[in-house]
Amino acid sequence: MSLSFLFRTITRDVAKVSISQHVQSLHTGCHLLAADKALLMKLRKSTGYTFINCKKALEKFDNDITQAESWLHEQAQKEGWSKANKLEGRKAKEGLIGLFIGEKAAVMVEVNCETDFVARNEKFQQLVKDVAFATLAHHQNRTQSQKGYMKSVLVGEELNKLCMDEGVSLADKVALTIGRLGENMSVRRAVTLGVPAEWHIGSYVHGGVSDQTEVAMGRYGSLVVFQGGKEGEQEVLGRKLGQHIVGEAPDSLGNMDDLPCGESETRLLPQTFLGDPSRTVAQFLKGQQAQVLDFVRFQCGETASEDAK
C-alpha cells in the first residue's frame, strides 16, 4: 500500500468523524435551543413579563425556571415601587368600582387610576378583584364569631396594609401594577357587609367594563340591605333597589311614612321610585312586603363630601 493512498484514507476517515461530530453537535444544539424556547414561552406565559426579561432571567439562573420567576417578581416589585414613588403626586380620579356578593356577605371597593384607558386594562381589573377579595377576607376573619348585621368601612392606609393569600400586601400589589401600566393608582375605600340568615343584600353596578362574573365592575355601584320580599324574587328586588340608589343618589334612608318634599328629595324612602314613577320607594316596598335597612352608594372619583352616599 502506497504512502499516498494511506494518507488519503486517513484524511477521509478523519473528515467523516469531524463531519459526524459537527452534525451531532448541531443536532444536540437544536434540542437545547428548543428546550430553552419552551422554557422561555412557559415563563413568559406564567409571569406576563417581556421576552427580553424572561430570557435574561433564564440565562442568569441557568434555566432554573423557579428561580427565574422569583427574580423577575422581585425586580418588577422594585421597579414598581420606584415608579410609584415618582408618580405619587399625579391625580388619579378615574378607575373602577368593584362589587362582589358572597354568602350573606358583600364587598364594594373603589380603586383609582389616571385614565379610563388603563381602567379597561385586564391587569388593572385584576387589581380591583384582588382588593375586593382581600377586603372581604379581612372582614370575615374579624367577624367570624359575631352574629347579626355587620358593616365595616376601610380607607387609604388601612386597605394598603391588608395582605393577599400569598402574603403580599395590597400596597405591594398596587406598586407592581403601577410599574406594569405606568400610571399612578390608589386603593381609595372599601365597604363590607355581613347579614343574618333572614336578611338579603341587593346590588347594582352601572357602566360595566368587565365580562367576568366574579367581581362586577363599573363607574357606579350600590349595595342595599333589606328584609322580606316575595319568595324567590329577592334577587330581582335587590337589583331594582340598587339601580334606584345608583340613579337617584339618596344620602339617607328616611322613614316609611315620610312625605316627599319634591324633586330635591334626598331621603331614599320618600323618593319617587325609579322603576315606577307613580309610587314612592316606600310604597313600592309595601307592595313587595319588604323593608330596606341600609344602603351604600359609590361613584368613582366623587369628592370626599359625597363618600357616604
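The values are calculated or read from the model by the stated rules, or taken from the named source; none is laboratory data. Bear in mind the structure is a predicted one, so any value in this text is a computation, not a measurement. Cβ placement follows ideal geometry from the backbone for every residue including glycine, while neighbour counts extend to all protein chains displayed.
At-a-glance table
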quantity	calculated
Residue match in the stretch 215-230 (condition: farther than 20 Å from residue 251 by Cα, modelled with pLDDT under 90 and aliphatic (A, V, I, L, M))	no
Some residue of the stretch 206-228 being in the same structural domain as residue 130 (by TED's automatic domain parsing), in a helix (DSSP H, G or I) and either out of contact with any strand residue (DSSP E or B) (no Cβ under 8 Å at 6 or more places or on another chain) or touching a residue at least 60 places away in the same chain (Cβ under 8 Å) (or both)	no
Output for the stretch 255-301, where each listed residue is touching a Leu at 6+ places or on another chain (Cβ under 8 Å), small (Gly, Ala, Ser) and not in a helix (DSSP H, G or I)	290
Output for the stretch 97-123, where each listed residue is in contact with a strand residue (DSSP E or B) (Cβ under 9 Å, 6 or more places away or on another chain), of a type outside the set (Gly, Ala, Ser) and closer than 15 Å to residue 214 by Cα	97, 99, 100, 101, 107, 108, 109
Answer residue from the stretch 284-300, given it is without any contact (Cβ under 8 Å) to a residue 60 or more places away in the chain and not basic (Lys, Arg) and is surrounded by the fewest Cβ atoms within 10 Å (Cβ to Cβ) among those	287
Leading residue by the ranking (surrounded by the most Cβ atoms within 10 Å (Cβ to Cβ)) among those in the stretch 169-210 that are at pLDDT below 95 and among the hydroxyl-bearing types (Ser, Thr, Tyr)	177
Answer residue from the stretch 133-168, given it is assigned to a loop (DSSP other than H, G, I, E, B) and of a type in the set (D, E, K, R) and is surrounded by the fewest Cβ atoms within 10 Å (Cβ to Cβ) among those	166
Complete set of residues in the stretch 286-299 that are out of contact with any Gly (no Cβ under 8 Å at 6 or more places or on another chain) and farther than 30 Å from residue 187 by Cα	286, 287
Residue ID - farthest from the chain's Cα centre (by Cα), chosen from residues in the stretch 19-78 that are of a type in the set (Ser, Thr, Tyr) and at pLDDT below 65	20
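Results for (1) part of a helix (DSSP H, G or I); (2) closer than 24 Å to residue 246 by Cβ; (3) without any contact (Cβ under 8 Å) to a residue 60 or more places away in the chain, shown as yes or no for each residue.
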| residue | (1), (2), (3) |
| --- | --- |
| 173 | yes, no, yes |
| 176 | yes, no, no |
| 179 | yes, no, no |
| 184 | no, no, no |
| 187 | no, yes, no |
| 192 | no, yes, no |
| 197 | no, no, no |
| 200 | no, yes, yes |
| 204 | no, yes, yes |
